[in-house]
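**Student:** The structure under discussion is supplied below as structure tokens; questions concerning it will follow.
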Ligand code: TRP
């Protein structure tokens, strides 16, 4: 049993680590294509509402549990509700993040591949049809994506290996601000492309007729995914938060940063999608097929600039992915460290190997194993749907019920307001959202999805 727990060093460190966890492939890779599949602007409105009224309360619920117990997900349940079945919630939320990490790492691997391609100047001057057909060929091959997946899991493992302060905190602090500047620059350039106007109006003009029940479920799933909720990553990060810091502002800043980042990524990608004549509903390849097109266009004008931006862009995706993947891995690692006799190093390596093995299957499901189809999706897609649309909302639901109905109001208040010294005026509203709005919202969505409305 490891009793010496680490902490994040400052308020800024907590926010950057949490924002680092939130901002990732979910914003740059997943958000644009899910929005594209579900009709654009109308979807984004639902996504915004879901982020602030369903997801943020869950963020607070997880933070309250994490910081109150100062433990991993399983330990938290054992501390706050000893001898109850709540421990199962603690256990499920050790496993789900590792499942997510296994397919997340496959996409992380794709971004490494594209980063290497950018370094080799592969996008400058290549014909557009060659660029978009490359993606399909690459992900369906056997070895190349596996090698990249391995590199990504390896990089994640190394950072987590170094610990909360020296690894996670230091990495997030350096990379998060740089990321923001880059994505804004690319969005501005994307909007100046010929034909970009259609993409801009796709993002801004809502068409509510496309908004089905399943689109609403996807919007909520996306909000959960993007804010890293329902599986204990925020819980574990909050357990490293010092008592004097404000839970309210950590959540508010993270949600705003995450939302802005998704929208800006939309503006970086959607105009280019239309300029390139690609379908907005083209699926998981959207970013990888579209962006090289922009770089190619730029290359015709100023080759060195195009190559530089391409390199920086794929580096951005990669780094954003890493600040998220480390938060997923930390959930498993903190569990092993605090509930077995393993130290951080061994715990990290074991977790890494586990994730790597499941990821292999996810990676192969685009190629040799693409014949295995579950509910119309390959293994990768089925796992993502299972996690995002079911396990995360379910975990989120249970976390809010735990804080809203199982913990005492006095304890919740004490933790949220730091013993009555901060954000007191907001407590009533937040407590109401945690107790009623979030759980009822999630249950309604579940029922809608189950009935297929
Ligand atoms: N939110 C991250 C992203 O958008 C991914 C992520 C990190 C995540 N932790 C999570 C997703 C927990 C779901 C649950 O890329």
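**Student:** Examine region 13-28 for a residue that is within 23 Å of residue 418 (Cα to Cα) and away from the ligand (no atom under 16 Å from the Cβ), and state whether such a residue exists.
**Tutor:** So far as region 13-28 goes, yes, one or more of its residues are within 23 Å of residue 418 (Cα to Cα) and away from the ligand (no atom under 16 Å from the Cβ).
**Student:** When you go through 288, 366 one by one, which is the residue that is assigned to a helix (DSSP H, G or I), more than 15 Å from the ligand (Cβ to nearest atom) and touching a helix residue (DSSP H, G or I) at 6+ places or on another chain (Cβ under 7 Å)?
**Tutor:** One residue alone meets the criteria, 288.
**Student:** Among the residues of region 411-453, count how many are over 30 Å from residue 215 (Cα atoms) and part of a helix (DSSP H, G or I).
**Tutor:** Count: 11.
**Student:** Please go through region 224-276 and give me each residue that is free of Cβ contacts under 8 Å to residues at least 24 places away in the same chain and under 27 Å from residue 292 (Cβ atoms), ordered by number.
**Tutor:** 260
**Student:** Given the conditions (1) within 16 Å of the ligand (Cβ to nearest atom); (2) within 20 Å of the chain's Cα centre (by Cα); (3) more than 17 Å from residue 159 (Cβ to Cβ), which single one is not true for residue 283?
**Tutor:** (1)
**Student:** Of all residues in region 433-445, which are under 14 Å from residue 58 (Cβ atoms) and surrounded by fewer than 14 Cβ atoms within 10 Å (Cβ to Cβ)?
**Tutor:** 436, 440, 443
**Student:** Still on this structure, I have one more. Any residue at all in region 213-222 that is more than 17 Å from residue 30 (Cα to Cα), touching a residue at least 60 places away in the same chain (Cβ under 8 Å) and surrounded by fewer than 23 Cβ atoms within 10 Å (Cβ to Cβ)? It would help to see each step written out before you state the result.
**Tutor:** We begin by selecting, within region 213-222, every residue more than 17 Å from residue 30 (Cα to Cα); these are 213.
Those left that are additionally touching a residue at least 60 places away in the same chain (Cβ under 8 Å): 213.
From what's left, surrounded by fewer than 23 Cβ atoms within 10 Å (Cβ to Cβ): 213.
Yes; the residues of region 213-222 include at least one that is more than 17 Å from residue 30 (Cα to Cα), touching a residue at least 60 places away in the same chain (Cβ under 8 Å) and surrounded by fewer than 23 Cβ atoms within 10 Å (Cβ to Cβ).
**Student:** If the requirement is being away from the ligand (no atom under 14 Å from the Cβ) and surrounded by fewer than 24 Cβ atoms within 10 Å (Cβ to Cβ), which of these qualifies: 76, 41?
**Tutor:** That would be 41, the only listed residue that is away from the ligand (no atom under 14 Å from the Cβ) and surrounded by fewer than 24 Cβ atoms within 10 Å (Cβ to Cβ).
**Student:** Filter region 299-329 down to residues that are assigned to a helix (DSSP H, G or I) and over 14 Å from the mean Cα position of the chain (by Cα), then give me how many there are.
**Tutor:** Residues of region 299-329 assigned to a helix (DSSP H, G or I): 299-301, 303-329.
From what's left, over 14 Å from the mean Cα position of the chain (by Cα): 299-301, 303-316.
Total satisfying the criteria: 17.
**Student:** Would you check if there is a residue in region 338-351 being free of Cβ contacts under 8 Å to residues at least 60 places away in the same chain, more than 12 Å from the ligand (Cβ to nearest atom) and under 17 Å from residue 183 (Cα atoms)?
**Tutor:** no
**Student:** Another one. Within region 407-425, track down each residue that is in contact with a helix residue (DSSP H, G or I) (Cβ under 8 Å, 6 or more places away or on another chain) and exposed (fewer than 15 other Cβ atoms within 10 Å of the Cβ).
**Tutor:** Listed by number, the residues that qualify are 409, 411, 420.
**Student:** Hey, another quick one. Please give the number of the condition residue 261 fails out of (1) away from the ligand (no atom under 13 Å from the Cβ); (2) part of a helix (DSSP H, G or I); (3) crowded, with 19+ Cβ neighbours inside 10 Å.
**Tutor:** (1)
**Student:** Filter region 238-254 down to residues that are more than 14 Å from the ligand (Cβ to nearest atom) and more than 18 Å from residue 415 (Cα to Cα), then give me how many there are.
**Tutor:** Going through region 238-254 one residue at a time, the tally reaches 1.
**Student:** Count, please, the residues in region 310-322 that happen to be at pLDDT 90 or above and within 9 Å of the ligand (Cβ to nearest atom).
**Tutor:** 1
The values are calculated or read from the model by the stated rules, or taken from the named source; none is laboratory data. Since this is a predicted model, take the numbers as computed values, not measurements. Glycine gets a Cβ as well: all are built from the backbone with ideal geometry, and neighbour counts include every protein chain shown.
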